[in-house]
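The values are calculated or read from the model by the stated rules, or taken from the named source; none is laboratory data. Computed from a prediction, not measured in an experiment: that's the story for all the values here. We place every Cβ from the backbone using ideal geometry, glycine too, and count neighbours over all the protein chains shown.
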2 protein chains.
Amino acid sequence: MRELYHEELDSITDGLVEMANLAGSAVGRATTALLDADLRLAEDVISGDETIDALHRTLEQRAITLLARQQPVATDLRLVVTSLGMSAALERSGDLAQHVAKLARLRHPGCAVPLDLRGTIQEMGELAQSLMARAAEVLVSHDVDLALRMERDDDRMDELHSTIFRHLMDDRWQHGAEAAVDATLAGRYYERFGDHAVTVARDVVYLVTGEHAEDLPPAAPVAT
Amino acid sequence: MRELYHEELDSITDGLVEMANLAGSAVGRATTALLDADLRLAEDVISGDETIDALHRTLEQRAITLLARQQPVATDLRLVVTSLGMSAALERSGDLAQHVAKLARLRHPGCAVPLDLRGTIQEMGELAQSLMARAAEVLVSHDVDLALRMERDDDRMDELHSTIFRHLMDDRWQHGAEAAVDATLAGRYYERFGDHAVTVARDVVYLVTGEHAEDLPPAAPVAT
């Protein structure tokens with residue numbers, strides 16, 4: 001009985017890791033679709049989001065079954081409840097990757113990103129994917145330092161988001177309102193995606209330390 | 001013991017209703033702040049969001065305590081788990097109202113909304129507030145028809161959202177990229193706010209009927 005119990009708890013974490021991996025891959029491919037105006041890749045990301053949604057529903061159902069049958073307490077209970085929130089954040093991340101892909105599809109065969117914003121969008125896409133890869137790693141390793149270091153990369157994401165706005169507000173913006181709308185939305189999708197990855201990592205920190213990430217001392221700088 | 005148990009369950013619903021009321025009021029006041037460039041009102045909404053965040057944390061804690069102490073099963077268990085998701089959606093709605101208020105503050109003493117979009121933004125604000133008022137009502141009354149009718153109003157919200165885009169894409173758009181960015185963001189905030197209100201109502205439908213709202217026949221048209 002106890003063994004089954006731990007298998008069920010582990011299967012919840014496994015589900016979260018799988019969702020994070022799928023969302024990370026989706027945002028990476030959506031970025032390529034956006035920058036290369038690749039319709040097939042965009043469609044692929046759009047239809048693939050169903051898998052993440054289904055995992056979310058399965059995980060919710062698993063959590064409810066586990067709560068009903070095993071009636072976990074203390075740390076295990078907190079794990080199950082927190083997992084529900086993490087699953088929702090990951091499901092939402094998949095939606096955001098899908099939104100990026102839809103932007104690519106909407107403007108196809110054109111490209112939604114003007115030349116002077118390509119670098120920024122590319123970096124936001126890479127950062128989004130890397131933040132989500134680390135969220136998956138934190139879910140498995142419970143590495144608090146890694147989780148805290150993610151906050152710094154998310155600050156970089158916020159900077160890039162601001163870069164887009166500065167660009168749009170610049171009097172030299174030549175690409176009209178349509179491109180401004182696309183860039184505003186894309187920027188917001190990536191920024192929110194990063195937030196969700198950080199939320200997942202923060203939740204793990206809370207599970208491991210019992211303290212909220214914002215109350216812990218910042219991670220030591222890393223020489224890179 | 002059983003009486004305490006039901007009091008605890010009720011207090012979770014009470015918390016959700018309070019959050020919905022606060023979020024509805026916040027989005028209404030944020031809209032006024034946005035349209036009237038009213039800085040004091042905007043600040044009021046921005047600082048008021050803390051109350052919604054605190055209610056969310058209290059509700060999570062209450063749910064965990066209830067799960068640990070009372071180990072509810074069947075419908076009660078589903079209520080508690082679903083409440084966690086509803087609470088997250090309501091907390092997020094509060095954030096979105098706060099984002100609208102921040103847009104008002106950012107452009108003060110100017111107004112972020114050009115004259116030709118005032119009507120659309122006004123209607124989106126009213127719709128957002130009314131959807132959230134009905135979500136609160138559904139939480140109390142468990143009125144499935146009312147919940148299903150909300151979907152139609154949310155369709156109207158999506159139409160208004162599209163109106164903004166059509167406006168922005170129009171060659172006659174004269175307000176530059178900054179106003180385009182503001183309108184894009186405001187539109188998205190209202191649209192997401194409406195989605196969250198509908199999500200809460202859908203979750204109640206699921207709790208009451210055991211069926212997902214999208215699988216039920218649409219509500220009969222109402223003569224209004």
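A:GLU178 falls short on exactly one of the conditions (1) at pLDDT 95 or above; (2) more than 15 Å from the chain's Cα centre (by Cα), and that condition is (1). Taken residue by residue, segment B:98-109 has no member that is among the aliphatic types (A, V, I, L, M), within 14 Å of chain A (Cβ to nearest Cβ), crowded, with 23+ Cβ neighbours inside 10 Å and farther than 28 Å from A:HIS175 by Cβ.
B:GLN122 satisfies every condition listed in (1) within 14 Å of chain A (Cβ to nearest Cβ); (2) within 18 Å of the chain's Cα centre (by Cα); (3) not aromatic (Phe, Trp, Tyr) except (1).
So for segment A:80-89 (the condition being more than 30 Å from B:ARG78 (Cβ to Cβ), in contact (Cβ under 8 Å) with a residue 12 or more places away in the chain and in a helix (DSSP H, G or I)), does at least one residue qualify?
As a first pass, look at segment A:80-89 and keep what is more than 30 Å from B:ARG78 (Cβ to Cβ): none.
No, there is no match, as no residue in segment A:80-89 is more than 30 Å from B:ARG78 (Cβ to Cβ), in contact (Cβ under 8 Å) with a residue 12 or more places away in the chain and in a helix (DSSP H, G or I).
Checked against the criterion of being within 11 Å of chain A (Cβ to nearest Cβ), hydroxyl-bearing (Ser, Thr, Tyr) and over 26 Å from B:THR184 (Cα atoms), segment B:85-95 contains one or more residues that satisfy it.
Out of A:LEU131, A:LEU115, which single residue is surrounded by 17 or more Cβ atoms within 10 Å (Cβ to Cβ) and of a type outside the set (Lys, Arg)? Explain how you work it out, then say what you get.
Numbers: A:LEU115 fails: surrounded by 17 or more Cβ atoms within 10 Å (Cβ to Cβ).
After ruling out the rest, the residue left standing is A:LEU131.
Each residue in segment A:43-64 was checked for being over 19 Å from A:ARG29 (Cβ atoms), in contact (Cβ under 8 Å) with a residue 12 or more places away in the chain and among the β-branched types (Val, Ile, Thr), and 1 pass.
Residue-wise test of (1) assigned to a helix (DSSP H, G or I); (2) polar (S, T, N, Q); (3) in contact with a Ser or Thr (Cβ under 8 Å, 6 or more places away or on another chain); (4) within 30 Å of A:LEU77 (Cβ to Cβ).
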| residue | (1), (2), (3), (4) |
| --- | --- |
| A:GLN122 | yes, yes, yes, no |
| A:LEU127 | yes, no, no, no |
| A:ALA135 | yes, no, no, yes |
| A:VAL138 | yes, no, no, yes |
| A:LEU148 | yes, no, no, yes |
| A:ASP158 | yes, no, no, no |
| A:HIS167 | yes, no, yes, no |
| A:LEU185 | yes, no, yes, no |
| A:HIS196 | yes, no, yes, yes |
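Picking from residues in segment B:48-70 that are closer than 18 Å to A:ASP203 by Cβ and within 11 Å of chain A (Cβ to nearest Cβ), the one that is nearest to the chain's Cα centre (by Cα) is B:HIS56. Among the criteria (1) touching a residue at least 12 places away in the same chain (Cβ under 8 Å); (2) over 15 Å from the mean Cα position of the chain (by Cα), the one A:ARG92 does not fulfil is (2). Summed over segment B:154-213, residues that are among the small types (Gly, Ala, Ser) and in contact (Cβ under 8 Å) with a residue 40 or more places away in the chain total 8. In segment A:179-202, which residue that is hydrophobic (A, V, I, L, M, F, W, C) and more than 9 Å from chain B (Cβ to nearest Cβ) is surrounded by the fewest Cβ atoms within 10 Å (Cβ to Cβ)? Checked segment A:179-202; the qualifying residue surrounded by the fewest Cβ atoms within 10 Å (Cβ to Cβ) is A:VAL198. Only residues that are in contact with a Leu (Cβ under 9 Å, 6 or more places away or on another chain) and not in a helix (DSSP H, G or I) were counted in segment A:29-73, giving 3. Scanning segment A:67-82 finds no residues that are of a type in the set (Lys, Arg), at pLDDT 95 or above and surrounded by 18 or more Cβ atoms within 10 Å (Cβ to Cβ).
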